[in-house]
1. Filter the range 53-95 down to the residues that are more than 17 Å from the chain's Cα centre (by Cα) and touching a residue at least 24 places away in the same chain (Cβ under 8 Å), then identify the one that is farthest from residue 15 (Cα to Cα).
2. Of the residues that sit in the range 1-58 and are among the polar types (S, T, N, Q) and not in a helix (DSSP H, G or I), which one is nearest to residue 74 (Cα to Cα)?
3. Given the options 51, 75, 17, 21, name the one that is surrounded by 15 or more Cβ atoms within 10 Å (Cβ to Cβ) and either at pLDDT 90 or above or in contact with a strand residue (DSSP E or B) (Cβ under 8 Å, 6 or more places away or on another chain) (or both).
4. Tell me, please, whether a residue that is more than 22 Å from residue 5 (Cα to Cα), touching a Leu at 6+ places or on another chain (Cβ under 7 Å) and among the hydroxyl-bearing types (Ser, Thr, Tyr) can be found in the range 81-91.
5. In this structure, is residue 46 of a type in the set (S, T, N, Q) and under 16 Å from residue 5 (Cβ atoms)?
6. Quick one: residue 6 ticks every box in (1) within 30 Å of residue 99 (Cα to Cα); (2) surrounded by fewer than 12 Cβ atoms within 10 Å (Cβ to Cβ); (3) polar (S, T, N, Q) bar one, so which box is it?
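The values are calculated or read from the model by the stated rules, or taken from the named source; none is laboratory data. On a predicted model such as this, the values are computed, not experimentally measured, just so you know. Please note: Cβ atoms are built from the backbone with ideal geometry, for glycine as well, and neighbour counts cover all protein chains shown.
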Amino acid sequence: MMISLNHYLFLAAFLFAAGLALVLTRRNVVVVLMGIELMLNAANLNLIAFARYDPLHLQGQAFALFVMVVAAAEAAVALGILVQLRRTYQTSNLDEIKALHE
């Protein structure tokens, strides 16, 4: 059985939906960051899948590499902010941080 483009697209849609659900339902900063990373990986999977079916153009791989670099920078900055929030408020729960801020 050959894996078609639809298989990749369904997997990417599932990953994106799972990441979106994590971002919208969880209050822990680390879990929200994991959800954002899942959504970025779903976008990368789409880029690579479309590039696989058009082998003459490498824009999909180039964009996916760019997204991975941006995701790594986002993770580094976000974890730095998380460390500072943890030091300041002694919690990583977004609701508690918002309540303490007000």
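1. Among them, the one singled out is 85.
2. Selected residue: 28.
3. Numbers: 51 fails: either at pLDDT 90 or above or in contact with a strand residue (DSSP E or B) (Cβ under 8 Å, 6 or more places away or on another chain) (or both); 17 fails: surrounded by 15 or more Cβ atoms within 10 Å (Cβ to Cβ); 21 fails: surrounded by 15 or more Cβ atoms within 10 Å (Cβ to Cβ).
The unique qualifying residue is 75.
4. yes
5. Criteria met by residue 46.
6. For residue 6, the failing item is (1).
Yes/no matrix, rows are residues, columns are (1) loosely packed, with under 15 Cβ neighbours inside 10 Å; (2) within 19 Å of residue 35 (Cβ to Cβ); (3) touching a His at 6+ places or on another chain (Cβ under 6 Å):
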{"residue": "56", "(1), (2), (3)": "yes, no, no"}
{"residue": "61", "(1), (2), (3)": "yes, no, no"}
{"residue": "66", "(1), (2), (3)": "yes, no, no"}
{"residue": "71", "(1), (2), (3)": "no, yes, no"}
{"residue": "80", "(1), (2), (3)": "yes, yes, no"}
{"residue": "87", "(1), (2), (3)": "yes, no, no"}
{"residue": "90", "(1), (2), (3)": "yes, no, no"}
{"residue": "95", "(1), (2), (3)": "yes, yes, no"}
{"residue": "99", "(1), (2), (3)": "yes, no, no"}
